[in-house]
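To start, the structure under review is shown below, and the notes come after it.
Only the coordinates and a few stated rules stand behind these numbers; no lab work does. For clarity, every value in this text was computed on a predicted model and none was experimentally measured. Positions of Cβ are backbone-derived with ideal geometry, glycine not excepted, and every protein chain shown enters the neighbour counts.
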Amino acid sequence: METPVADYLEQVLDACATDDGEVASYIPELAAADPNRLAVAVCVGGGRVYAAGDAGVRFSIQSISKPFVYALALRDHGIAFMEERIGVEPSGDPFNEISLEEDSGRPRNPMINIGAIATHAWVGEEDISAGERFERVRAGLSAFAGRELVVDEAVHTSELDTAHRNLALAHLVRSRDIFTLDPHDVVDGYTRQCSLLVDVRDLAIMAMTLGSSGHNPVTGEQVVTEEICRQVLSVMATCGMYDAAGDWMTGVGIPAKSGVSGGILGALPGQAGIGAFSPRLDSFGNSTRGVRVCERLSHDMGLHLLAQPPMAVDAVRTAGVIDHDGGEWYRAVLQGGLHFASGERMLAQLADVEPGDMPVSLDVSRVASMNDVGRRMLGEVVRRLMAEGHRVVLVDPRGVTADLDTGDDAEPEVVEHSPHADA
Ligand code: GLU
């Protein structure tokens, strides 16, 4: 059977192929783009990528580079250091507004140009050369995309020749000592970063890497930490779509970033990475058809961040007293993802177990994933059961409980195969 996803994406493009909006013209090379190009790609957790339309067309990444360069600066200097220099508040102003916070001198966020230019300056240590800094940016974005990205030199030259406003922004932010480098070098590097060529597949994979806690689902590389992804996605959710961020959040509900060449990247954590491309822009600078494609995908596939369905499966597959080896055991088989809501169900179910010396087997072989809270809850279950006198056997063939904190007093037994005959 052929998966229907690719056909579905073609239908979405057909339905969204209107011709309103104008191609960006303030960078001369961008004005030459074919306004009728239209493409979309979706990457899912296993690294499968579905694409439709002009998916082979490459375009300069422009502002979609900003969240990824922010991720690299966070990786190099940490969240607290970066927040001292660049805020995380939506500005409500156009992307190239000449403004800084009055008291602190910080740019309001890393998604507007003034913040993104300052962010570029903080990739790598201060004493590396401008060339080394750009190479760090290029290699970092390539790791997100899972292939080596290259600069479109014509776009870079065209943009740098007309970068008067960005130079003004760089000088302004330099005047407040937000960075110490030469503003010309920083704008050159920032402009190069914006000129990296991508296609919609690259955007979908980059998005899914952010949405998979920093793990590139295609290459398997851990590019940045989960904490950095949370920071970047949060800033995208509030500041990513220029000054249309509120409309975007209510209508589409996916953390996203757009760029003036017509790209849009959306990252729904744990579910999908989306890349869309069409050069005609609306008055905010967002791709008109790209926005429509994203609205449609969000609506059809139920992707709104704040309208997620309840957990698909119960964390406890079976639980109860069984006969084993001439005596009684309490046996619980856990499954699916263990996080706060499913962990709470596990705790409520295991509250049935009376204090005493009945052995308890906890089978975690079907637990697909566990976040920190789920892990703490499971550790607490084991600790309490043992404190109440039970022998606890963890059935854990994949070692998912290896660093479980069960307190100082006792260690549960860990076995690879269930001791019970029916398992
Ligand atoms: N390189 C572009 C600029 O700085 C990026 C703008 C954008 O995509 O929003 O003007």
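For the stretch 1-76, the Kirkwood hydrodynamic radius comes to 15.2 Å, computed from all pairs of different C-alpha atoms. The residues neighbouring Gly92, those whose beta-carbon lies less than 10 Å from its own, together hold a net charge of -3 under the Lys/Arg +1, Asp/Glu -1 convention. Counting pairs of Cα atoms in the chain, how many percent are more than 30 Å apart? Counting every Cα pair in the chain, those more than 30 Å apart make up 49 percent.
Between Ala341 and Arg75, the modelled label-to-label distance comes to 3.2 nm, taking each label 7 Å out from Cα in the direction of the beta carbon. Taking the chain as a Gaussian network of alpha-carbon nodes connected by springs under 10 Å, the highest mean-square fluctuation of the residues Ala55, Ala351, Ala207 belongs to Ala351. Fewest neighbouring Cβ atoms within 10 Å first, the residues Ile228, Ile254 line up as Ile228, Ile254. Seen from Pro35, the other residues with C-beta closer than 9 Å to its C-beta sum to a net charge of -1, counting Lys and Arg as +1 and Asp and Glu as -1.
The modelled label-to-label distance for the pair Arg366/Glu126, using points 7 Å beyond Cα in the direction of Cβ, is 5.7 nm. Mind jotting down the distance between the C-alpha centroids of the stretch 92-108 and the stretch 113-128, whole Å? Using only Cα atoms to place each centre, the spacing works out to 16 Å. Residue separation of Arg398 and Asp247 scaled by 0.36 nm, minus their Cα-Cα distance, works out to 49.9 nm of gained length. Across all directions, the average flat footprint of the convex hull enclosing the Cα atoms of the stretch 1-142 is 11.9 nm².
For the options Thr18, Thr191, Thr288, a Gaussian network treatment of the chain with springs between C-alpha atoms closer than 10 Å singles out Thr18 as fluctuating the most. Taking a ≥ b ≥ c as the square roots of the eigenvalues of the Cα gyration tensor, the stretch 319-423 is rounded, since a/c falls below 1.5.
Nearest 0.05, what FRET efficiency do Val5 and Leu197 give at R0 = 22 Å with Cβ-Cβ as r? After rounding to 0.05, the efficiency reads 0.30. Modelled spin-label separation between Ser418 and Gln222, with each label point placed 7 Å from Cα along the Cα-to-Cβ direction: 3.1 nm.
Working note: 222 nm ellipticity from helices only, DSSP H runs with n ≥ 4, each -39,500 (n - 2.57), summed and divided by the residues of the chain, gives -12000 deg cm²/dmol to the nearest 500.
Between Asn216, Asn371, Asn113, which gets the highest mean-square fluctuation from a Gaussian network model of the chain, Cα cutoff 10 Å? Of Asn216, Asn371, Asn113, the most mobile in the Gaussian network model is Asn371.
A Förster radius of 60 Å combined with the Cβ-Cβ distance from Arg58 to Glu380 puts the calculated FRET efficiency at roughly 0.75. Note on the stretch 225-364: antiparallel DSSP beta bridges, both residues inside, total approximately 80 percent of the bridges counted. Positive end of the dipole of the chain (Cβ unit charges, origin at the Cα centre): among Leu385, Ser65, Thr157, the Cα lying farthest that way belongs to Thr157.
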